[in-house]
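The values are calculated or read from the model by the stated rules, or taken from the named source; none is laboratory data. Because the structure is a prediction, the values reported are computed rather than measured. Cβ coordinates were reconstructed from backbone atoms using ideal geometry, including for glycine residues, and neighbour counts include every protein chain displayed. All accessible areas refer to the heavy atoms of the entire protein, side chains included, with ligands and DNA or RNA removed. Shrake-Rupley method; radii C 1.70, N 1.55, O 1.52, S 1.80 Å.
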Amino acid sequence: MSNITLDQVRKVYAGNVEAVKGVSIDIADGEFIVLVGPSGCGKSTLLRMIAGLEDISSGEISIGDRVVNKVDPADRDIAMVFQNYALYPHMSVYKNLAYGLTNRGMPKSEIDRRVKEAADILEIGDYLDRKPRALSGGQRQRVAMGRAIVREPAAFLFDEPLSNLDAKLRVQMRVEIKRLQKELGTTSVYVTHDQLEAMTLADRLVVLNGGNIEQIGAPIAVYDKPASTFVASFIGSPAMNLIETVSDAGGLKAKAGTGLQGGNPGGLQACTVGIRPEHLQVVEAGTPVGDGLTLTVKVNVLEPVGAESYIYGTIDGGGAPVVIRIESHQTYDINAILTLHAAAKDVHYFDAETGRRIES
Amino acid sequence: MRPHFPCDGRCAGSAPHICHLHVRGDTMKKVQFNSRWMPYAFLLPQLSIVAIFFLWPAAEAVRSSFYLEDPFGFSSTFVGFDNFTDTLTSSNYARVAQFTAVFTVLVTFFSLALALLLAVKADKVLRAGSTYKTLLMWVYAVAPPVAGLIGILLFDQHVGPLVDFAALFGWKMQIGVNYFDTSFAMVVISVWKQIPVNFIFFLSGLQGISRSVQEAANIDCRSGFRRFWTVTFPLLAPTGFFLLIINVTYAFFDTFGIIDVVLKTEPGNNPVTLVYKVYLDGFRGNDLGGSSAQSVLLMLFVFILTIIQFRLIERRVHYS
Ligand SMILES: Nc1ncnc2c1ncn2[C@@H]1O[C@H](COP(=O)(O)OP(=O)(O)OP(=O)(O)O)[C@@H](O)[C@H]1O
Ligand SMILES: [Mg+2]
């Protein structure tokens, strides 16, 4: 068990593709860090640099106070779980688990003990003699986890380990990974592009965008105070409503359309306002705006998902799209005009140019 | 395309399911021809080629292996298995068979081993995704036919650089005269010519191994040598086995041309392979019966090789 430190880590691929642009993170011992971001943002590259599968162009990576830039992957004391599991197809499950231990010259009895123990934890004891091709996707996933666990490494590295599973299994394994990680207390770095997975697993989230860190923080802190429009639209589902506004004497107005009226407590110029779908209440027309925000929205689609429903609409007068969460079983007519209100504390302001959060 | 239809129940004890092995006759789609002779007409060209160039000569060889033909071809006498017993008991035949075996083992081993070595190096370059990639494609597009020619030139008694090179170390190579020198040249040229073919197969085999499996092995095992023998090599086994059969066949039969060029049709005391001996005895020695008996023995050998191949291929593991 140990901490991991990334200091100004950069990766430039052949052809001057800068995949990671100076990333610094301090990962505490036993912490579960999730790297999240859209496809191509450099998550895998960063993880693979920690694993030693990719050279570090500049910067420094240390695992437990040891700089590992030049250390062989096998000597970094890490274990990795790959998206396609990467099991050795010609070896039995037992051998798959034992391989990394045998190569490190561990005595047979100790290997056997660890493999049996991991097999128990993951409930794969019945398949130890099978080849990977005779296993289902979920079972393969468990074997891949087992191969990491038996090593008892300083850190687990996961690269989208659940993305090849079906939805139900994914949720089940997600819970299991979290439980295991807490039980073993092993420092973990987990890569995913699924924001829900990121939110539920992480002690701390690292939101990446185009090779840069957009925000680091506890999932709920990131959710409550997204540092930029990028984070705001990436974390949370459905995404936060982002509406471009301009200011005039009476407060904020929508840039397109007529259906926005907002207070301007900070005296901002043009800015982008953000409101989460669950923070918009349907109210009577004519309710005072106060420091909050009032929207007039035309209903386009009503989407019941069971526990709740969503209204997809547009700001009156041909403005931006807006999503509103409502209680399930509530219905509204298509094309109805609704008045919505958000309290001041639930409205986020972002710089119109840079998209960075403006603290008010 | 394999058909996918309900299984006719031959899958032991299983519930109704879709299966591509046991298809119920009535559900299987049939291509309908206007005339029932049509399909045979389509097959005719292929069948006649097989008949004219393979079956007929084979039958002819089997027939004449039981006859003793006089050198001018005017008469032939039925001699039963005499040609076979003569062949199998002749010390010359044993010597040639022995050489063929050694030759085959050497050619197969070295052409596989060197090709594998080169393929592993090339695979590294390709995985690094560098610009050498296109260059490498070129090399193996031109390689096989040209390599054979170059190989023969290298050993040319008068202009061959390898002969000169050996001379530097005081080895006066006398190809076509000295038994060892001649066999050496034969083996080297045969290996040289076969390497590009093996290389292509090994390389595509290596490229077929998943990158993440290799990476998992990188994390699990520090020693590249050990990694090769415990992960890469076993995963290459299907390719390797296929190439083994191909190379044995090559060393046995396809080296005829190389041997002929090296010997310049003057065998003298030089080593020859069984196939070359068939030619020598039949066309230079005019012993058609003996030569036919030898080719029948070779046919048997190929037959056995084929059976082994099918047996093992059936058992062969397919990794997905
Ligand atoms: N070997 C390589 N050579 C050149 N560019 C590369 C290489 N590998 C990745 N890249 C580039 O680096 C960037 C980051 O890639 P990376 O695989 O880290 O993305 P990712 O965040 O993991 O995306 P995904 O969610 O799709 O897996 C991409 O723009 C990609 O095209
Ligand atoms: Mg990735």
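Using a Förster distance of 35 Å, how high is the FRET efficiency between B:Phe233 and B:Phe180, based on the Cβ-Cβ distance and rounded to 0.05?
0.60
Evaluate the distance, in nm, between pseudo-label points positioned 7 Å from the Cα of B:Val105 and of A:Asp65 along their respective Cα→Cβ axes.
So the label points at B:Val105 and A:Asp65 sit 5.9 nm apart.
List the GluC sites (Glu not before Pro) in segment A:71-158 that DSSP assigns to loop (not H, G, I, E or B) and whose Cβ has at most 13 other Cβ atoms within 10 Å. Which are they?
Sites meeting the loop and neighbour criteria: A:Glu123.
Per the helix-only calculation at 222 nm, which mean residue ellipticity applies to chain A, given -39500 (n - 2.57) for every DSSP H run of n ≥ 4 and division by its residues, nearest 500 deg cm²/dmol? Provide the component values of the computation, followed by the final result.
Numbers: 8 runs with 85 residues, N = 360.
Per the formula, -7000 deg cm²/dmol.
Under 13 Å Cα-Cα from B:Lys277, which aspartates and glutamates qualify once same-chain neighbours fewer than 8 residues away are excluded?
B:Asp260, B:Glu266, B:Asp287
How do B:Trp56, B:Trp229, B:Trp171 rank by accessible surface area computed with a 1.4 Å probe, from largest to smallest?
Reading off the accessible areas and sorting them downward yields B:Trp56, B:Trp229, B:Trp171.
Can you compute the FRET efficiency between A:Lys21 and B:Leu149 using 1/(1 + (r/R0)^6), with r the Cβ-Cβ distance and R0 = 56 Å? Round to the nearest 0.05.
It comes to 0.60.
With a cut-off of at most 13 other beta carbons within 10 Å, and DSSP calling the residue loop, which trypsin sites (Lys or Arg not before Pro) in segment A:161-268 qualify? Please list them.
none
If the limit is 25 Å between Cα atoms, which of A:Lys253/A:Lys298; B:Lys193/B:Lys264; A:Lys70/B:Lys124; A:Lys108/B:Lys121; A:Lys255/A:Lys345; A:Lys255/A:Lys298 go over it? Each step should come with its number before you reach the end.
Working: A:Lys253/A:Lys298 17 Å; B:Lys193/B:Lys264 18 Å; A:Lys70/B:Lys124 19 Å; A:Lys108/B:Lys121 34 Å; A:Lys255/A:Lys345 22 Å; A:Lys255/A:Lys298 17 Å.
Distance filter (> 25 Å) returns A:Lys108/B:Lys121.
What nm distance separates the two modelled labels at B:Arg311 and B:Arg226, each placed 7 Å from Cα along Cα→Cβ?
3.6 nm
What does the structure give for B:220-228 when I average, per residue, the other chain Cβ atoms found within 10 Å of the residue Cβ?
Mean inter-chain Cβ contacts per residue within 10 Å come to 4.
In segment A:252-291, whose amide N lies under 14 Å from the spot 7 Å out along Cα-to-Cβ of A:Tyr332? List them in ranges.
A:259-260, A:277-286
Going by the alpha-carbon gyration tensor, a ≥ b ≥ c the square roots of its eigenvalues, is segment B:161-296 rounded (a/c under 1.5) or, if a/c is not under 1.5, prolate (a/b greater than b/c) versus oblate?
Since a/c reaches 1.5 but b/c is at least a/b, the shape of segment B:161-296 is classed as oblate.
Where Lys and Arg each count +1 and Asp and Glu each count -1, what net charge lies around A:Gln330 among other residues with Cβ under 15 Å from its Cβ? Please report the intermediate quantities before stating the final value.
Details: positive: A:Arg325; negative: A:Glu278, A:Glu303, A:Glu308, A:Glu327, A:Asp333.
With Lys, Arg at +1 and Asp, Glu at -1, the neighbours total -4.
Between beta-carbons, use under 13 Å as the cut-off and find the net charge around A:Ile111, counting Lys and Arg +1, Asp and Glu -1.
Local charge sum for A:Ile111: +3.
Go through A:Pro132, A:Ala198, A:Phe234 and say which Cα lies farthest out towards the positive end of the charge dipole of the protein assembly as shown; charges sit on Cβ, +1 for Lys and Arg, -1 for Asp and Glu.
A:Pro132
Suppose we compare each residue of segment A:33-68 in its chain alone and in the full protein complex with a 1.4 Å probe; which ones drop by at least 10 Å² of accessible area?
A:Arg48, A:Leu53
Within 10 Å, Cβ to Cβ, of A:Gly292, how many net charges do the neighbouring residues add up to if Lys/Arg are +1 and Asp/Glu are -1?
Local charge sum for A:Gly292: -1.
Run the reach check for A:Lys168 against lysines, Cα to Cα strictly under 18 Å, same-chain hits fewer than 8 apart removed. What comes back?
A:Lys178
Using a 10 Å cut-off on Cβ atoms, rank the peptides B:211-222, B:87-98 from the highest mean neighbour count down.
So the order, starting with the most tightly packed, is B:211-222, B:87-98.
Identify the GluC sites (Glu not before Pro) of segment A:273-360 meeting these criteria: DSSP loop state and at most 11 other C-beta atoms within 10 Å of the C-beta.
A:Glu284, A:Glu353, A:Glu359
Can you tell me how much longer the chain between B:Leu168 and B:Phe33 gets when fully stretched, taken as 0.36 nm per residue apart minus their C-alpha distance, in nm with one decimal?
Taking 0.36 nm per residue and subtracting the Cα distance, the gain is 41.5 nm.
Between A:Ala343 and A:Asp112, what is the FRET efficiency for a Förster distance of 45 Å, r being their Cβ-Cβ separation, to the nearest 0.05? Don't jump to the answer; show the numbers that get you there.
Details: r = 61 Å, r/R0 = 1.35.
Approximately 0.15, to the nearest 0.05.
For A:His341, A:His193, give me the order by solvent-accessible area with a 1.4 Å probe, most accessible first, ignoring ligands, DNA and RNA.
Result of the area sort, largest leading: A:His193, A:His341.
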